[in-house]
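Values quoted throughout were computed directly from the atomic coordinates according to the rules given, and no laboratory measurement underlies them. Keep in mind the model is a prediction, meaning the values are calculated, not measured. Quick reminder, even Gly has a Cβ in these numbers, built from the backbone with ideal geometry, and neighbours come from all protein chains shown.
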Amino acid sequence: MKSPSPAEQTQAAVERAHEHVLDYVRLVHGRRVAPDAMALAGLNHLDEPLPRTGCGAERVLDLLHEWGSPATTATTGGRFFGLVVGGSLPASMGAAMLNAAWDQVAILDAVAPSAIYLERLAARWVLDLLGLPAGSSVGFSTGSSMANFIGLAAARHTLYGRLGVDIHESGMSRTPPLRVVLSEQAHVTVIKALHLLGLGTRQFTFVPCDEQGRMRADALPTLGPETIVCLQAGNVNSGASDPFSEIVSVARAQGAWVHVDGAFGLWAAASPALRPQVMGMDGADSWTVDAHKWLNTPYDCGLAICRNPLAVHAAMSTVAPYLQAGHQAAPKDMVTEFSRRARGVEVWAGIKQLGRDGVINLLDRTCGHARTLATGLREMGFEILNEVVLNQVVASIGPPELTEELARTVQAQGECWFGTTVWRGRSAIRLSVASWATTDADIQRTLAAIGTALHRCRPQTRGVSPT
Ligand SMILES: *Cc1c(COP(=O)(O)O)cnc(C)c1O
């Protein structure tokens, strides 16, 4: 028998994958959110010594679906409220599948014309949605961790350049130290990025925050041309943003570089109702935002945005910086990766599906759900620890043991998923509503599940309706 050609093999595999994907997405909205113990145990079926001989691609996909699919967390189903991440917009999920078939290596226009063309369109639309300067550099990175790294690398390169030091030439030894001013609520990935860039904790000045986790403008130290200021749009607990209007222009007037980590919260800028919360952020030098969080594109996709494209280019280019005015940089010179997936295609697809109105609706609707959750939780006896200004709810019911037990009980029950946090010294549950797929019914089911679990954990709780 003639063995199948590469084309036949690929078609057969894609057909099988298509069947399994359809089966998965059909079930995901109704199934439990966290996999149960049996589903997790099923993974053991995949555990074997490195096979000496291979098997057909279809068999591989069958195994993945049979044992892998049930042990996923249903993040696309509308009742996953963990980690400030969203689900996956239909057009973006579909585009990711097509993108896999295209298999473009999105380094240079010459080798991935359509992919890079689409990424540039997506970049333009994102700048428009966020109200950021049209000429900014937009690099599609793996997420905000890497986008923070890119923005801060541009900052480091630029500030040293102004001090007359070429950091690529001299390295970090015997260079005058930079100073980093960041809020005591800065995200851990900002600190990781700074460490990777050779900037140590001793060079950091942590600025105190108010009770919502916003940097206190009145506590800002004197800044200078050797300072990077890291601000935040969207605190991972409270959802609050730093007072950009009060800090950004002051910082830049003193010669500092201002970087904004807005992994999920920067999207607030796209909604007229939410934009006041991030007013003034557009005056910064660099910004980070994730598409895979509130915009609901698949992983992994963050955006590294920089006002001065030359600053990113100088820090990231693999050749001597050559970028001329009006010239578009190649992706490889705007991000850390060289060979890379054209993840921006899925951003284009998501925004094309929603349009500006759809993006606004997604943002406003999820914030509305968060307010409904807060009201329902308060009625159950929770204390809401944050002002629910965005899509985040931090709710306290008592001591850490009860909080943990409640979260575990809800997760085990499978109706919804959220995690716990500590906010200003108090243990709490944290719910982030960031999925386009979350419906009013999902919110009601979530409240009911929390009520049931609470009754189980603390049957004597006052004011609890164990629905
Ligand atoms: C999620 C998050 C990050 C890290 O982003 P990744 O995409 O997970 O790398 C950074 N900052 C904030 C505020 C976040 O919410």
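Between the C-alpha center of segment 11-42 and that of segment 338-371 there is a gap of 24 Å.
The count of lysine pairs in the chain with alpha-carbon distances below 24 Å, taking only pairs 8 or more places apart or on different chains, stands at 4. Against the empirical 2.2 N^0.38 Å (N residues), segment 69-124 has a Cα radius of gyration ratio of 1.47. Take every DSSP beta bridge whose two residues both sit in the chain; close to 55 percent of them are antiparallel.
Here the average projected area of the convex hull drawn through the C-alpha atoms of segment 235-324 stands at 7.5 nm². Rounded to the nearest 20 debye, the dipole size of the chain about its Cα centre is 400 debye, using +1 on the Cβ of Lys and Arg and -1 on the Cβ of Asp and Glu.
Of all DSSP beta bridges in segment 170-316, what percent run antiparallel (nearest 5)?
In segment 170-316, approximately 25 percent of DSSP beta bridges are antiparallel ones.
When the charge dipole of the chain is built from unit charges on Cβ atoms (+1 for Lys and Arg, -1 for Asp and Glu) and taken about the Cα centre, the candidate among ALA311, TRP423, THR452 whose Cα reaches farthest toward its positive end is TRP423.
When every alpha-carbon pair in segment 9-92 is counted, what percent end up more than 15 Å apart? Roughly 65 percent, rounded to a whole number. DSSP assigns beta bridges within segment 89-245; of those with both partners inside it, close to 10 percent run antiparallel. Scanning the chain for DSSP H helices at least 15 Å long along the axis (C-alpha atoms) with a Kyte-Doolittle mean no lower than -1.0 picks out 6-28, 90-102, 113-130, 144-162, 344-379, 400-413, 440-457. Think of the chain as having a plus end and a minus end, set by charges on the Cβ of Lys, Arg, Asp and Glu; of LEU362, LEU27, GLN9, LEU362 sits farthest toward the positive end of this dipole. Using Stokes-Einstein with the Kirkwood hydrodynamic radius over Cα pairs, what translational diffusion coefficient do you get for the chain at 4 °C and a viscosity of 1.567 mPa s, in µm²/s rounded to a whole number? Estimated via Stokes-Einstein, D reaches 55 µm²/s.
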